[in-house]
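Q: Here it is, the structure in full.
Please treat every number below as a calculation from the coordinates, not as lab data. Everything quoted here is computed from the prediction, not taken from an experiment. Cβ atoms come from the backbone with ideal geometry, glycine included; neighbour counts cover every protein chain shown.
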Amino acid sequence: MSAVSVAPSTPLPAVTKVPFGRLLLVEWRKMTDTRAGRALLIISAGMLLLAMGIVVLVAALNDNFSLGLSTWSSILTIPLSLLTPVLAIMIVTQEWGQRTNMVTFSLEPSRLRVMAAKLVAVVAFALALIAVALLCGIVGNALAAAVGGYDASWSIDGQVLGWTIAQQLLYFVSAFGIAMCLLSTPFSIVVVYVDQLLLPLMVWSTLYFIFDWAADLIPFIDMGYAMSPFMGAGGMMPDGTQLPDPGTQEVLALICSIFLWVVVPVVLGAYRVLKSEVK
Amino acid sequence: MYAMIKVEGLTRVYGTFTAVDDVSFTAEAGKVTGFLGPNGAGKSTTMRIMVGLTNPTKGRATINGSLYADLPNPGRHVGVLLDASAQHDGRTGREVLTLAAMTMGLPKSRVDEMLELVSLTPSEAKRRIKNYSLGMKQRLGIAHALIGDPKVLILDEPANGLDPAGIRWMRGLLKEYADRGGTVLLSSHLLHEVEQIADELILIGNGRIVAEGTKDTILASQGTAGQSLVTSLDNEALTVALKAKGYSVEPLGTGMRVSAAPAEVGRAALESNVVLTDLRDGGAGLEDIFLQLTAETQRENVAQIHAEGVSA
Ligand SMILES: Nc1ncnc2c1ncn2[C@@H]1O[C@H](COP(=O)(O)OP(=O)(O)OP(=O)(O)O)[C@@H](O)[C@H]1O
Ligand SMILES: [Mg+2]
């Protein structure tokens, strides 16, 4: 056995409180230092490129097909909204699944600081992914126009773009909160996909068309429906009609749905993380 | 700096079950304190409370007077190893230490220093934890606890999975650490393991402390010191001599059990010119006391173990 001493060979830096920036760097690193983490990143990038490739291919094969940057942005939102919630969920639940929370919380006992570092790290990551998606949209738009033989349209509605990004981020924070409530990867993924994809596509949309009351109620309980009136000129109701300008009821619905799916899960989740026994 | 762990009236209740029941003790600087108890005695629960991972129902644990949660950069004050397998399967050993070094604000060179200290080779350090053996995980855990050069160590069954050479190495390491003024609290359910390195022992059973102190004070407090087992060429003459001195003697196998320390028995034999063929301490060993004290919490029948112990 080695005779190396326990004492450090060179004096270690003075002891100070762990700065938030350092926690942030550590959480950022944890996202990418495992095979699973890297796989998720590669899949994210791959899906964006795949979506871009398919659209360019369609543009190349169809003679009278042309699309502008705003269409690109809504197409590329799809792979993003499929993937980013998983990132938000994993950064939380992995610590419980792999029991690394024992180490994480003994190196930084303030669990709220750790969770805040995780949230900031993963939101920064989501923003980077959105930037990559926008870049894909720009490249794809130019490519499609070139191979499809039409003039590229570069017009994009700032309001639509802004709300699209806001929506992605709200879904994202919602997934983070749900993950803190459930502290389990599979449960959280199921709940988030049911809430963010299945219910809006399969259930709300059907109810929306059949019942009048549903059209009034649904925006209060679903963030997607609540946000669509704010998407501005480009926004459409699910039945394809042009949107009216948002009034008081729309604003209330937006606040209510955000409260329900972002504020409540984050607060309950933070409480659970704070109070639970780590073992 | 005078670093110590102080536990005061610590209690943890799960539903109707009291896992830790009004536990108080101190682990002093410069000493290795062994925390000993059978499975389910409450050792790990107590240690988790010390580092703030489990909330106590009552009482508190402080490190140098402050709660663990109030320590700035606690990894630099307290080295913690609670469960060596609680690491991400997909990370490499080196990555685990790198993350710890980053959090604590230590230079990267410290990672190599620690890997060398616990004898993990560079190629082993590059392997994923998934492919680590139990002992390698344990070594990594020890490196993780020591990386911030803390003044206090809290180790839950650190010898778990180490080979004999590894256990000896760890013993030396903890001794050196305590000699430098560090405080070490380590738990175990194996008496032999702790007996050899701990200066102080805390025996816990059923969530309660049943005995504490040095090995000798525990033995003395249980009133089992001053017993000998003796065999001689003339047992009858020796019995008479011992009884004359006021000791009780009872036959046992080919010899006798005497209520006197071996020195007294030897003196009596010398005075009465009896040749001794065997003389040893007949007091209950620490192990007997450990088993007795924690009897209600033992899963096995203690009486049976005793019988086997005597006949063996
Ligand atoms: N969350 C919980 N709910 C109910 N009982 C619990 C819980 N956590 C621990 N216990 C119980 O508390 C008791 C003490 O457990 P602990 O892990 O502290 O024992 P230990 O002394 O470390 O044992 P070992 O030597 O086997 O590691 C056990 O009976 C255990 O079942
Ligand atoms: Mg234990």
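Q: What ranking do B:267, B:76 get, fewest neighbouring Cβ atoms within 10 angstrom at the top?
A: B:267, B:76
Q: Can you tell me the FRET efficiency between residue A:35 and residue A:146 if r is taken as the Cβ-Cβ distance and R0 is 35 Å, rounded to the nearest 0.05?
A: Efficiency, rounded to the nearest 0.05: 0.40.
Q: For the residues A:204, A:154, A:72, A:96, what sequence is obtained by ranking on other C-beta atoms within 10 Å, fewest first?
A: Fewest to most other Cβ atoms nearby, the residues stand as A:154, A:96, A:204, A:72.
Q: Moving on. Would you calculate the separation in nanometres between label points at residue B:67 and residue B:109, each defined as 7 Å from the Cα along the Cα-to-beta-carbon direction?
A: Here the modelled spin labels are 3.8 nm apart.
Q: How big is the gap, in Å, between the Cα center of the stretch A:1-67 and the Cα center of the stretch B:227-280?
A: 77
Q: How large is the dipole of the stretch B:5-220 about the Cα centre if only Lys and Arg carry +1 and Asp and Glu carry -1, each at its Cβ, rounded to the nearest 20 debye?
A: Using only the charged Cβ atoms, the result is roughly 600 debye.
Q: Using θ = phi - 60° and the Karplus relation 6.51 cos²θ - 1.76 cosθ + 1.60, list the HN-Hα couplings for the stretch B:72-81 in order, rounded to whole Hz, with x at every Gly or Pro.
A: With coefficients 6.51, -1.76 and 1.60, one gets x, 6, x, x, 7, 9, 10, x, 10, 9 Hz.
Q: What's the whole-number percent of alpha carbon pairs in chain B lying beyond 24 angstrom?
A: Every Cα pair in chain B considered, those over 24 Å come to 60 percent.
Q: Rounded to the nearest 10 degrees, what's the angle between the helix B:235-244 long axis and the longest principal axis of chain B, both from Cα atoms, 0 to 90?
A: 80
Q: So how far apart, in nm, are the two label points at residue B:121 and residue B:14 if each is 7 Å from Cα heading toward Cβ?
A: That separation, rounded to one decimal, is 4.1 nm.
Q: In nm, give the distance between the simple-model label positions of residue A:127 and residue A:205, each being 7 Å from the Cα along the Cα-to-Cβ direction.
A: Modelled inter-label distance: 3.2 nm.
Q: As a test of the definition: which semi-axes, in Å, follow for the stretch A:20-275 when you take the square root of five times each eigenvalue of its alpha carbon gyration tensor? Largest first, please.
A: The three semi-axes for the stretch A:20-275 are 33, 25, 15 Å.
Q: If you bin the C-alpha pair distances of the stretch B:226-281 every 5 Å from 0, what whole percents do you get?
A: 5, 24, 41, 27, 3
Q: Which FRET efficiency value, to the nearest 0.05, do you get for residue B:254 and residue B:58 by plugging their Cβ-Cβ distance into 1/(1 + (r/R0)^6) with R0 = 60 Å?
A: So, using R0 = 60 Å, E works out to roughly 0.65.
Q: From largest to smallest, what semi-axes in whole angstrom does the protein assembly as shown give when each is the square root of 5 times an eigenvalue of its alpha carbon gyration tensor?
A: Semi-axis lengths for the protein assembly as shown are 68, 25, 19 Å.
Q: From Cα pairs below 8 angstrom and at least 6 apart in sequence, can you work out the relative contact order of the stretch B:226-281, rounded to a whole percent?
A: 53
Q: Determine, for B:132, B:14, A:193, the number of other Cβ atoms within 10 Å of each Cβ, and report the residues in order from fewest to most.
A: Placing the least packed residue first, the sequence is B:14, A:193, B:132.
Q: How high is the FRET efficiency between residue A:14 and residue B:220 when r is their beta carbon distance and R₀ equals 41 Å, given to the nearest 0.05?
A: 0.35
Q: Give, as a single signed number, the net charge of other residues whose beta carbon lies under 13 Å from the beta carbon of residue B:282, with Lys and Arg counted +1 and Asp and Glu -1.
A: Charge balance in the 13 Å sphere: -3.
Q: Relative contact order for chain B using alpha-carbon pairs under 8 Å, separation at least 6, rounded to a whole percent?
A: Once normalised by length, the contact order is 20 percent.
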